[in-house]
Amino acid sequence: MPIKVYSNHLEMEVDNSWTEVIKKAINTWNNAGASVGLMNNFFEYTDNASEAGLLFDWSGEGLPANALGVARLTNSNPTYIAGIIMRPPGSEDFARTAEVLIQEMGHILGIEHSGYPDDIMNGTAHGHIHEDLDQVEITQRDRQMLRWLYSRENYIAIIPK
């Protein structure tokens, strides 16, 4: 750690304001780690695709019809990060997209879906209405799950390819 993140959103011919969504998602998990006494740098943004361990692919290719985003992990031991696929930028608003991206990054960190509707890690939590990116936050329960997972003695990390 940190896992270096590259996003191809600018290759989708959108304006640079979508970079704010990506940085919001990265900062959310980095701040969550710091807030529960863990590392504060799970992720780091990079402009260099060749040094990235995690690709945010905004093409939407291979995305299930009803999904706004999906984390891809290998089904192997150890588990490797295959990337995150998102709907193309602009298909949803900034806040909703950030919420989905934050949840998919939570899966990359190893967190499963939550049964609580307000948690960002709830599989259907993406109906929240946010005025702007500042309102998109993870819950205390999301933070507690992160702390629990990363404080295990037999914790096995998910590894960038």
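The values are calculated or read from the model by the stated rules, or taken from the named source; none is laboratory data. Treat the numbers as computed from the prediction; the structure is a model and nothing was measured. Neighbour counts run over all protein chains shown; Cβ positions are idealised from the backbone, glycine included.
Restricting the first residue to the range 8-19 and requiring it to be touching a residue at least 60 places away in the same chain (Cβ under 8 Å), which pairs with a second residue that is of a type in the set (A, V, I, L, M) meet a Cβ separation below 9 Å and a spacing of at least six or different chains? Once the first residue is touching a residue at least 60 places away in the same chain (Cβ under 8 Å) and sits in the range 8-19, its partners that are of a type in the set (A, V, I, L, M) give His9/Val21; His9/Ile22; His9/Met86; Trp18/Leu10; Trp18/Met12. Of the residues making up the range 103-135, those that are over 19 Å from Asn41 (Cβ atoms) and modelled with pLDDT of 85 or more are Gln103, Glu112, His113, Ser114, Gly115, Tyr116, Pro117, Asp118, Asp119, Ile120, Met121, Asn122. Only one of the numbered conditions (1) assigned to a loop (DSSP other than H, G, I, E, B); (2) in contact (Cβ under 8 Å) with a residue 12 or more places away in the chain; (3) more than 26 Å from Ser17 (Cβ to Cβ); (4) not basic (Lys, Arg) is violated by Asp47, and that is (3).
Pairing each residue of the range 91-120 that is within 15 Å of Ile22 (Cβ to Cβ) with any residue that is hydroxyl-bearing (Ser, Thr, Tyr) and outside any helix (DSSP H, G or I), provided the two are 6+ apart or on different chains, yields C-beta distances under 9 Å for Phe94/Ser17; Thr97/Ser91.
Residue-wise test of (1) among the acidic types (Asp, Glu); (2) in a helix (DSSP H, G or I); (3) touching a residue at least 40 places away in the same chain (Cβ under 8 Å).
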| site | (1), (2), (3) |
| --- | --- |
| Trp29 | no, yes, yes |
| Gly33 | no, yes, yes |
| Gly37 | no, no, yes |
| Asn40 | no, no, no |
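Return yes or no: is Val21 outside any helix (DSSP H, G or I) and within 20 Å of Gly69 (Cβ to Cβ)? For Val21, the condition - outside any helix (DSSP H, G or I) and within 20 Å of Gly69 (Cβ to Cβ) - is not met. Residues that are at positive phi and part of a strand (DSSP E or B) occur at least once in the range 81-96.
Of the residues examined, Glu61 is one that is farther than 20 Å from Met121 by Cβ, acidic (Asp, Glu) and more than 14 Å from the chain's Cα centre (by Cα).
Leu63 passes every criterion in (1) surrounded by fewer than 21 Cβ atoms within 10 Å (Cβ to Cβ); (2) in contact with a Lys or Arg (Cβ under 8 Å, 6 or more places away or on another chain); (3) touching a residue at least 60 places away in the same chain (Cβ under 8 Å) apart from (3).
Annotation for the range 99-109: no member residue is acidic (Asp, Glu), surrounded by 16 or more Cβ atoms within 10 Å (Cβ to Cβ) and not in a helix (DSSP H, G or I). Considering only residues that are crowded, with 16+ Cβ neighbours inside 10 Å and of a type in the set (A, V, I, L, M), look in the range 13-35 and name the one that is modelled with the lowest pLDDT. By that ranking, first place goes to Val21.
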